[in-house]
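Here the structure comes first, spelled out in structure tokens, and everything after it is commentary.
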Amino acid sequence: MSSECYYSVLGLRKQATAEEIRCAYRKLALKWHPDRWMMKDPTITGEANRRFQRIQEAYSVLSNRGKRTIYDAGLLSLMGDDDDQGFCDFMQEMAILMEKQKPQE
């Protein structure tokens, strides 16, 4: 996972709706699909492939409510690729609890 913000990858603000996320993904996926660039300009196919993978990665996190909550809380790096749904639910609950906790003055 690189350090580039998923919202930036899709050209969105953090408050984007699910529909805005889906539309941004579709637009960028069509633009950067490697097969499209292979036909247009084969020299850019490698870059298109990298961008397309990054767009897919951003969408897979931001389109999933649980993963998005965990990402927004800065905890996504704690999850592995093979973590089960139970762990994802636990991390989401922890993120929600962290959001509710207000610092005492």
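Table for the structure above
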{"quantity": "Karplus-derived 3J(HN,Hα), 6.51/-1.76/1.60, for each residue of the stretch 36-45, Hz, glycine and proline x", "calculated": "5, 6, 4, 7, 6, 8, x, 6, 9, 4"}
{"quantity": "Protection proxy ranking of 44-55, 59-70 - average other beta-carbon atoms within 10 Å, highest first", "calculated": "59-70, 44-55"}
{"quantity": "Distance violations [Cα-Cα > 23 Å] among K27/K100; K14/K40; K67/K100", "calculated": "K27/K100; K14/K40"}
{"quantity": "Under the Karplus curve 6.51 cos²θ - 1.76 cosθ + 1.60, θ = phi - 60°, whole-Hz ³J(HN,Hα) for the stretch 20-35, x wherever Gly or Pro sits", "calculated": "5, 5, 4, 5, 5, 4, 4, 4, 6, 5, 5, 5, 9, 4, x, 4"}
{"quantity": "Estimated inter-spin distance, S8 and T43, nm [label 7 Å along Cα→Cβ]", "calculated": "2.7 nm"}
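Quick note: the coordinates plus some simple rules give every number you see, no bench work behind them. As the structure is a prediction and not an experimental result, all values here were calculated from the model. Here the Cβ is made from the backbone with ideal geometry for all residues, glycine too, and neighbour counts use every protein chain on show.
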